[in-house]
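**Q** Take a look at this one; I'll ask things after.
The values are calculated or read from the model by the stated rules, or taken from the named source; none is laboratory data. Since the model is a prediction, treat every value here as computed from it, not as a measurement. Every residue, glycine among them, receives a Cβ derived from its backbone with ideal geometry; neighbour counts consider all protein chains shown.
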Amino acid sequence: GAPVEVNISKLEPGQLLRVEWRGKPVWIVRRTPEVLDGLTKLAEQLRDPDSVEPQQPEYAQNAFRSIKDEYFVAVGLCTHLGCSPTYMPDTFSQQVEGVASGFFCPCHGSKFDLAGRVFQGVPAPLNLVIPPHSYVNENTILIG
Ligand code: FES
């Protein structure tokens, strides 16, 4: 499959943009400073908080699993059986108390934070996959 160019100039803080790459949904989320701050406090609730498993390119093996803190790029498929989780920008605390935003998989209830890291006690074994990607310029991400 060919790489996909995505224009992120109109993406507002908190918004999710969905594109398709190699027949898979890929998400780009613009994370707010509050979300980024929250992500630093979840380690004890996560299965692989430090992204030890090879679910991301090396350049995204960091605290926010991204190249730029603000922009999160991930393959939007649950690592359990491949359903596409639902983005919950402000109702996720119904799923994980005290956590405002995240991804919830409707198929068997797996939960992921806004860095795609899986919470403990759910069927999904691994963090969401981060696809290979790069910045062509400030407003353009190349997926693949
Ligand atoms: Fe997501 Fe089973 S496919 S929890």
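**Q** Can you name the residue in the range 46-74 that is buried (at least 18 other Cβ atoms within 10 Å of the Cβ) and not in a loop (DSSP other than H, G, I, E, B) and is also farthest from the ligand (Cβ to nearest atom) among such residues?
**A** Top of the filtered list is Tyr71.
**Q** Residue under question is Leu77, and the condition is that it be touching a Cys at 6+ places or on another chain (Cβ under 7 Å), of a type in the set (A, V, I, L, M), modelled with pLDDT of 95 or more and in a loop (DSSP other than H, G, I, E, B); does it hold?
**A** Here the answer is no, as Leu77 does not meet what is asked.
**Q** Give me the residue from the range 28-64 that is touching a helix residue (DSSP H, G or I) at 6+ places or on another chain (Cβ under 9 Å) and among the charged types (D, E, K, R) and, out of that set, nearest to Arg117 (Cα to Cα).
**A** Result: Asp50.
**Q** Is it the case that some residue within the range 112-121 is buried (at least 23 other Cβ atoms within 10 Å of the Cβ) and within 11 Å of the ligand (Cβ to nearest atom)?
**A** Yes: one or more hits.
**Q** Right, another one. Can you spot a residue in the range 87-98 that is over 15 Å from the mean Cα position of the chain (by Cα), among the hydrophobic types (A, V, I, L, M, F, W, C) and assigned to a loop (DSSP other than H, G, I, E, B)?
**A** Within the range 87-98, one or more residues are over 15 Å from the mean Cα position of the chain (by Cα), among the hydrophobic types (A, V, I, L, M, F, W, C) and assigned to a loop (DSSP other than H, G, I, E, B).
**Q** If a residue must be loosely packed, with under 13 Cβ neighbours inside 10 Å and closer than 22 Å to Phe64 by Cβ, how many such residues does the range 98-109 contain?
**A** Number of matching residues: 1.
**Q** Give all pairs with beta carbons closer than 8 Å in which a residue from the range 70-96 that is farther than 21 Å from Arg22 by Cα and free of Cβ contacts under 8 Å to residues at least 60 places away in the same chain meets a residue that is basic (Lys, Arg) and more than 13 Å from the ligand (Cβ to nearest atom); count only pairs at least 6 apart in sequence or on separate chains.
**A** Sorted first by the residue in the range 70-96, then by its partner, the pairs are Glu70/Arg30; Glu70/Arg31.
**Q** Return the residues of the range 122-138 that are away from the ligand (no atom under 11 Å from the Cβ), touching a strand residue (DSSP E or B) at 6+ places or on another chain (Cβ under 6 Å) and part of a loop (DSSP other than H, G, I, E, B); say none if nothing qualifies.
**A** Asn127, Val129, Ile130, Pro131
**Q** Given the condition among the charged types (D, E, K, R) and either closer than 17 Å to Glu5 by Cα or more than 13 Å from the ligand (Cβ to nearest atom) (or both), answer yes or no: does some residue in the range 101-111 qualify?
**A** no
**Q** Which one of Val29, Val6 is of a type in the set (A, V, I, L, M), over 23 Å from Cys105 (Cβ atoms) and part of a strand (DSSP E or B)?
**A** Step by step, each of Val29, Val6 is checked, and only Val6 is of a type in the set (A, V, I, L, M), over 23 Å from Cys105 (Cβ atoms) and part of a strand (DSSP E or B).
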